[in-house]
Structure formats: C-alpha cells, structure tokens
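FYI, it's all coordinate maths here, none of it is from the lab. Please read all numbers here as calculations on a predicted model, not as lab measurements. Cβ placement follows ideal geometry from the backbone for every residue including glycine, while neighbour counts extend to all protein chains displayed.
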Amino acid sequence: MARFAHLALVFALGLSPGIALAGEPFVPSWIKNDPAAKKVAIEIVADWNQIERYRRDNIRTDIIDFNGYWGGNLTIIVPEDWSVQIDFINGSSNFWHGLMVTRVYAQSEMPVKLKAEDAIWGAYTTPLEGIKVNEKRQLNFVAQQTGSYFLACPRQTHLMDGHWIGFEVRSELERAAAIVHEDQFPQEQPPGRP
Ligand SMILES: [Cu+2]
C-alpha cells in the first residue's frame with residue numbers, strides 16, 4: 001500500500017521517477033541498538049530472498065541480495081563513532097558471497113572485482129572470494145567518519161551485478177536504522193527482511 005501511495009504521489013506531482021524516494025527510517029528486526037554503549041549489532045543474510053524469488057514466476061531471479069535488498073534500494077544509517085558489529089551469514093542455496101565496506105561507486109566506475117585495499121576501515125570478510133553457503137563471519141569496526149559508503153559483496157562481479165546496499169554514517173543520529181528506497185524496489189519483487 002505504501003508503495004502504491006508513493007507512486008501515486010510521484011505521478012500526481014509530476015516528479016521525475018529519477019528522484020530518489022526514500023521511506024521513513026525504521027528499525028528492522030535485524031538491527032539491535034545499544035545507545036548507552038554506542039553500539040549496534042546488525043545481522044545481514046546474503047540471498048535472504050533467493051528461494052521466494054525463484055518460487056515466483058515472471059520476475060528477475062538473477063538478483064543477489066542482502067536481507068532481500070540490492071542495488072542500493074536500502075540504506076543502513078548509523079550514528080558517528082558508534083561501534084558496529086555485523087554478523088554476516090551466507091543464506092544462499094548455491095552462491096558464495098562476502099561483505100565489504102567500500103566507498104560509493106557510480107555504476108560506470110565499479111571495479112570488476114573488489115580488492116582488499118578497497119575496504120574502508122579494513123572491514124571485509126575473508127576470503128575475498130566469498131564464504132560458502134551457510135557459513136558465517138563477523139565484522140567489527142567503528143563508524144569513525146561521517147559520509148556515504150557501500151556494503152558490497154567482493155565475490156567476482158557481484159558489485160557490478162548489484163550486490164550492494166547503502167551504508168551511511170551520520171552525526172546527530174540517535175540510533176541506527178534502515179531506509180528503503182521504494183522507487184528502486186520493483187512491485188513484483190518479494191519484500192525485504194522486516
Ligand atoms: Cu555476492
């Protein structure tokens with residue numbers, strides 16, 4: 001319903017569909033804040049939606065996702081100077097995946113393959129080729145610099161293929177949250193992880 005409302009608004013106002021429509025920040029079940037300790041624990045499952053995507057007909061099934069999101073259609077926002085713990089699980093049935101904090105890339109400048117030196121704050125899972133199905137890794141880092149980043153998969157060409165979501169460090173933010181960019185989330189796709 002919210003998505004239809006957003007689309008209706010776009011057409012009613014005559015806005016360009018290119019303008020990013022960001023939903024309200026929300027705290028999903030997979031983000032656990034500890035404001036007193038300035039810590040956040042985030043659980044990210046690669047290919048969280050794979051089985052549901054393959055079950056449905058007439059939609060793209062080649063999307064690879066993080067908690068059901070891909071290609072920047074979700075941004076995680078985190079307060080500056082907080083300690084971030086990411087529990088990363090490869091929930092895919094058949095593909096290897098990894099996780100790395102990187103700078104922002106335009107589609108045209110994305111490297112074919114991410115290297116260790118592309119990692120911001122040294123935050124990436126090893127090996128770079130990805131972890132196997134059902135394997136887990138934990139990343140721990142401090143969100144020490146405000147700005148926009150990517151959480152991207154360093155496996156093969158996965159970054160170029162859309163295996164990334166946004167990651168933003170903001171000052172004067174009370175807790176970590178997530179924002180869905182509804183206009184980049186096709187209606188026919190199953191919803192991301194709540
Ligand atoms: Cu991947």
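Tabulated values for the structure
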| quantity | calculated |
| --- | --- |
| ³J(HN,Hα), Karplus 6.51/-1.76/1.60, whole Hz, each residue of the stretch 141-151, x for Gly, Pro | 7, 9, 6, 7, 9, 4, x, 9, 9, 10, 9 |
| Net lengthening on full extension, T146/E117 (0.36 nm per residue, minus Cα-Cα) | 8.5 nm |
| Within the chain, longest stretch free of exposed GluC sites (Glu not before Pro) [DSSP loop, at most 15 other beta carbons within 10 Å] | 1-128 |
| Additional length obtainable on full extension of the chain from V27 to T126, 0.36 nm per residue less Cα span | 32.8 nm |
| Förster radius 35 Å - calculated FRET efficiency between Q184 and V133, Cβ distance, rounded to 0.05 | 0.80 |
| D (Stokes-Einstein, µm²/s), Kirkwood Cα radius, the chain, 1.306 mPa s at 10 °C | 93 µm²/s |
| Those trypsin sites (Lys or Arg not before Pro) in the stretch 59-160 that DSSP places in a loop and that have at most 16 other beta carbons within 10 Å | R60, R103, K113, K115, K132 |
| Per-residue HN-Hα couplings for the stretch 177-183 [Karplus 6.51, -1.76, 1.60; θ = phi - 60°; Hz; x = Gly/Pro] | 7, 10, 10, 8, 8, 4, 5 |
| Rounded Å value of the spacing that divides the Cα centres of the stretch 143-183 and the stretch 27-44 | 15 Å |
